[in-house]
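Asker: I have a structure I would like to understand better, so I am pasting it below and will then ask my questions one at a time.
The values are calculated or read from the model by the stated rules, or taken from the named source; none is laboratory data. Just so you know, these numbers come straight off a predicted model, no measurement behind them. We place every Cβ from the backbone using ideal geometry, glycine too, and count neighbours over all the protein chains shown. The area values use the complete protein model at the heavy-atom level, side chains included, leaving out ligands, DNA and RNA. Shrake-Rupley method; radii C 1.70, N 1.55, O 1.52, S 1.80 Å.
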Amino acid sequence: QVQLVESGGGLVQPGGSLRLSCAASGRIFSINAMGWYRQAPGNERELVASITSGDSTNYVDSVKGRFTISRDNAKNTVYLQMNSLKPEDTAVYYCNAVLRVVASNFYRNYWGQGTQVTVSS
């Protein structure tokens, strides 16, 4: 009923940049917060950045000053601009959206399928 489709992952050298995109589609009535999480092998999934419907943002300390989250409400899309990438940023990145579908009174969490980001020389 709802799909979150991510794109933009890949292999990049340390110090490089990538831009992730995540488009939500389906019978969507309203989207509240959107965000990006990541999970490296052997680690728990962690919140990287989030953005509310009012464009308030939040970042994990390790990416502050390097990553920027933004959203285009007309396209139901959230972006993550990642600059000055480090090997420790290597992980699968997941898109998340808290949204309400048509004919529902409740907001629920939805997840994308994940996109691999590898930072290596």
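Asker: Restricting to the stretch 62-95, what's the tally of residues that are open to solvent by less than 10 Å² (accessible area, probe 1.4 Å) and not β-branched (Val, Ile, Thr)?
Answerer: 8
Asker: Out of the residues in the stretch 19-57 that are on the phi > 0 side of the Ramachandran plot and surrounded by fewer than 13 Cβ atoms within 10 Å (Cβ to Cβ), which is farthest from the chain's Cα centre (by Cα)?
Answerer: Among those residues, the one meeting the criterion is 42.
Asker: Ok, one more. For the stretch 80-95, check the following and say yes or no: at least one residue is β-branched (Val, Ile, Thr) and over 15 Å from residue 116 (Cα atoms).
Answerer: no
Asker: So which residues in the stretch 1-18 are open to solvent by 50 Å² or more (accessible area, probe 1.4 Å) and either more than 26 Å from residue 108 (Cα to Cα) or more than 15 Å from the chain's Cα centre (by Cα) (or both), if there are any at all?
Answerer: Hits for the stretch 1-18 are 1, 11, 13, 14, 15, 17.
Asker: Do any strands (runs of 3 or more DSSP E) entirely within the stretch 7-121 hold 3 or more residues that are touching a residue at least 40 places away in the same chain (Cβ under 8 Å) and either in contact with a helix residue (DSSP H, G or I) (Cβ under 8 Å, 6 or more places away or on another chain) or not charged (D, E, K, R) (or both), and if so, which?
Answerer: 10-12, 18-26, 28-39, 77-82, 91-101, 115-119
Asker: Pick from the stretch 96-121 the residues that are among the hydrophobic types (A, V, I, L, M, F, W, C) and closer than 20 Å to residue 13 by Cβ: which of them is surrounded by the most Cβ atoms within 10 Å (Cβ to Cβ)?
Answerer: The extreme case among them is 117.
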